[in-house]
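Worksheet for the structure shown next.
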Amino acid sequence: MIKITDPSKCCGCFACVSSCPVGCIVMTRDQEGFDYPVADADLCVGCGRCDSVCPMDRHDYEAEPFAAYAVRFDEYLAGSSSGGVFPALASSVLDEGGCVYGAVQKSDMKTVHAEASDMAQMEAMRGSKYVQSNLYPVFEDIREKLQMNRKVLFSGTPCQIAGLDNFLGKSYDNLLTVDIACHGVPPPGLWERYVDSLEKEAGKKIVHVDFRDKSRSWRHYRMSIRYDDGTVSYSRRDNNPYLSLFMQKMILRPSCYDCRFKCGRSGSDITLSDLWSVSDLVPELDDDKGVSGVFINTVKGMHAFGSLRPAFVQEVDPDKARSCNSGFSSDAEVPAARDEFFKGAYQTPDILAHMKEYVVKEPLSRRIWRSVRSLLSKIKRRILV
Ligand SMILES: Cc1cc2nc3c(=O)[nH]c(=O)nc-3n(C[C@H](O)[C@H](O)[C@H](O)COP(=O)(O)OP(=O)(O)OC[C@H]3O[C@@H](n4cnc5c(N)ncnc54)[C@H](O)[C@@H]3O)c2cc1C
Ligand code: SF4
Ligand code: SF4
Ligand code: SF4
């Protein structure tokens, strides 16, 4: 029976919860706001399934990608976080009568994995949600669809791909898995407190959050929040404590500081990322609108990617495509103030002030350099066009 004694040994993938034959495991929120499985010993029948599907010790992949590409889909650029490759893959699976699973934001601003069987439903999956998503009961749905011979695209973090793989216990030709480069996920508990505080402060309800509003810049992280009265507020990373703490790696899940699944270790067919080294690799695309770095990990992934028709595609060196990207770098150091931050986070009456206290301002030189790079990209693009 699963028992989590060290939180860094559970990535929260839901494989155990989804596998229990008597349904006696529930995800339970801890003091940091993350969800962990807790089994009811009175109901447990001792089958051992939960332990055997857990990917933390039982998932050994070590794949070097076959190839990497710089890619952009013009038609999906605006609503997607990088170059819009995910909606293009989704469209191709849906065209074949398949279904797509990805992370969506519900009307209460909670992030969950959901199914889409047409492009209208898929729309909500576009864009990064910087909070850990709830996967229950998606794994069982996926197995059912696969057994019915439906084509399935599952997208998620590398640990979610590994969890699904262990849950299924066998490979399916009709399953395509796509993970995102991932430097970690923040807790749903903190996100919910943050949303609640913003709503109280504004005196109105939030109806949509774009964690990565690219309308001005792909490089400068900016969040946009739409309220029920139609107003929208924008905040850049430097004046948004949630984005700042996420980028500072202060609020990541303990397992993210020693991740076993990123960098080609999830077993996914394709990995999608931001191509931060765009200015070196494809200067003609360096216009601050977003470019994807796509890594092809399997033959199945190569076939799926080969069927797409992007506006721009160019093969690039995988090592260079991974550079300058914390989603591929070795694991983050646990910030010294992390424990202290979480100890105070759920007791304080003013979570916004508490979060601001722990933000480390980016050095001015770095912010200026980023602005200069954005400007240079735009000038270079004008010269090249
Ligand atoms: C928490 C998080 C951390 C990330 N860290 C990095 C990083 O360090 N480096 C990097 O290059 N890229 C990172 N990304 C991924 C990147 O920003 C893009 O999402 C990715 O390149 C796909 O972009 P796209 O334009 O092809 O598709 P988009 O249309 O933006 O598609 C978004 C995709 O991300 C999935 N997704 C969104 N939110 C979540 C979530 N909370 N949990 C699981 N899946 C989710 C959706 O299901 C969909 O497949 C991160 C994304 C998230 C959610
Ligand atoms: S051992 Fe079997 S019954 Fe018990 S919690 Fe694990 S999966 Fe459920
Ligand atoms: S299966 Fe996933 S959720 Fe369950 S204990 Fe293992 S890592 Fe945690
Ligand atoms: S960093 Fe690793 S453990 Fe954390 S969410 Fe990403 S894939 Fe999962």
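Some points to look at:
- Computed over region 60-380, relative contact order equals 25 percent, with contacts defined as Cα pairs under 8 Å that lie 6+ residues apart.
- The three principal axes of the C-alpha atoms in the chain carry coordinate ranges of 68, 52, 40 Å, sorted with the longest axis first.
- Among Ile368, Ile270, Ile25, residue whose mean-square fluctuation peaks in a GNM of the chain (springs only between Cα atoms under 10 Å): Ile368
- Amide H contacts of Cys263: Cys182, each under 5 Å away and 5 or more positions distant or on a separate chain (H built 1.01 Å from N in the peptide plane; Pro and chain starts excluded).
- The share of accessible area on region 7-53 that comes from carbon and sulfur is 56 percent, using a 1.4 angstrom probe.
- Counting only protein heavy atoms and a 1.4 Å probe, the chain has 45 square angstrom of accessible area per residue.
- Three semi-axes describe the equivalent ellipsoid of region 311-355; taken as square roots of 5 times the Cα gyration tensor eigenvalues and ordered largest first, they are 39, 15, 6 Å.
- Rounded to whole Hz, the Karplus (6.51, -1.76, 1.60) HN-Hα couplings of region 145-158, x for glycine and proline: 4, 5, 5, 8, 6, 7, 6, 10, 10, 10, 10, x, 6, x
- For a paramagnetic label modelled on Met148 (point 7 Å from Cα along Cα→Cβ), amide N atoms under 14 Å away belong, within region 83-100, to 97-100.
- For the chain, a Gaussian network of Cα nodes joined below 10 Å ranks Gly83, Gly189, Gly344 by mean-square fluctuation, and the top entry is Gly344.
- For Val316, the residues whose amide H sits under 5 Å from its own are Ala68, Tyr69, Ala70, ignoring neighbours fewer than 5 places away on the same chain, with H placed 1.01 Å from N.
- When the P(r) is computed for region 7-53, the part past 16 Å accounts for 33% of the Cα-Cα pairs.
- Pairs spanning more than 32 Å between alpha-carbon atoms, out of Lys205/Lys289; Lys9/Lys200; Lys3/Lys361: Lys9/Lys200; Lys3/Lys361.
- Long-range amide H partners of Val207 with built H, under 5 Å: Arg226, Tyr227, Asp228
- Vicinal HN-Hα couplings computed from phi for region 240-253 (Karplus, 6.51 cos²θ - 1.76 cosθ + 1.60; Hz; Gly/Pro x): 10, x, 5, 4, 4, 5, 5, 5, 6, 6, 7, 10, 7, 4
- Working note: Karplus 6.51/-1.76/1.60 with θ = phi - 60° gives region 121-133 the couplings 5, 5, 3, 5, 7, 5, x, 6, 10, 8, 7, 5, 8 Hz, where Gly and Pro are set to x.
- Only Cα pairs under 8 Å and 6+ residues apart enter the sum, and on that basis the relative contact order of region 7-53 stands at 40 percent.
- Each stretch of four or more DSSP H residues adds -39500 (n - 2.57); spread over every residue of the chain, this sum gives -8500 deg cm²/dmol at 222 nm.
- Selected from Gly306, Gly264, Gly127 as most flexible by GNM, with the chain as the system and alpha-carbon contacts under 10 Å: Gly306
The values are calculated or read from the model by the stated rules, or taken from the named source; none is laboratory data. Just so you know, these numbers come straight off a predicted model, no measurement behind them. Glycine also receives a Cβ, built like all others from the backbone with ideal geometry; neighbour counts cover every protein chain displayed. Side chains included, ligands, DNA and RNA excluded: accessible areas come from the protein's heavy atoms. Shrake-Rupley method; radii C 1.70, N 1.55, O 1.52, S 1.80 Å.
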